[in-house]
Amino acid sequence: MSNDLSKAVWFETKLQENVFARARRVFHLDPKPGSAIARVACSGRYRLWLNGEPVGRGPALSGTNRRRFDVLDLTDVLRSGENLLAVQAIHFGYKTAQTPDGPPALWLELECDGRIVLTTDEEWRFSVDPAYANASPRRNNSYGPQEVFDASKDEPWREIAFDDSA
């Protein structure tokens, strides 16, 4: 386990607050591993899917002096061949009771059979999620924004076949 949160990634966007980002990474495994552990951290909140199945949400609560990450067992959902990790990462852009103030970031590493096989790097594909309103108000000083979701703008970005070339 590297536990190197300095390898967190993000993407260029004009948005500074209430950024509902979607990140995805297709990868290949052969054969299916006997064990698969993911470690995930982000600057706000996240939802994680593997091969279209919801497998986690968080974050582990962190402070400014020590960042924590969630540990998720993905063994039963991984398969031999092509796999997709999809993450909705929500960056607040301000301090809340749940998250420290800081730059936007997503960090993930996947360990299979005791070996790191995937980390957040330049291969991840990011975009702003068009189904969530960026201008939604904060609930209060303890939490992030209200989630305003427009189902008519949702796309199948959590599926391997989704075209993420843009």
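A few comments on the model shown:
- GNM result for the chain, Cα springs below 10 Å: residue of Asp70, Asp113, Asp129 fluctuating most strongly: Asp113
- Low-density loop positions, trypsin sites (Lys or Arg not before Pro), region 64-135 - DSSP coil, at most 14 other Cβ in 10 Å: Arg66, Arg68, Arg79, Lys95
- As a length-normalised measure over Cα pairs under 8 Å and 6 or more apart, the relative contact order of region 5-132 settles at 41 percent.
- Listed from fewest to most Cβ neighbours within 10 Å, the set Lys14, Lys153 follows the order Lys14, Lys153.
- For Ile37, Ile90, Ile160, order by how many other beta-carbon atoms lie within 10 Å, fewest first: Ile160, Ile37, Ile90
- Summing Cβ point charges (Lys, Arg +1; Asp, Glu -1) relative to the Cα centre of region 5-132 gives a dipole of roughly 360 debye.
- Near the amide H of Lys32, within less than 5 Å, lie the amide hydrogens of Ser80, all on another chain or at least 5 residues away, with H placed in the peptide plane.
- Cleavage-rule hits (chymotrypsin sites (Phe, Trp or Tyr not before Pro)) in region 7-38: DSSP loop, at most 16 neighbouring Cβ within 10 angstrom: Phe11
- Annotation for region 86-136: GluC sites (Glu not before Pro) lying in DSSP loop with at most 12 further Cβ atoms inside 10 Å of their Cβ are Glu122, Glu123.
- Listed by Cβ neighbour count within 10 Å, with the fewest neighbours leading, Val40, Val26, Val55 appear as Val26, Val55, Val40.
Bear in mind these aren't lab numbers, they're just calculated from the coordinates by the rules spelled out. Computed from a predicted structure; not experimentally measured. As a convention, Cβ positions derive from the backbone with ideal geometry for all residues, glycine included, and neighbour counts pool all protein chains shown.
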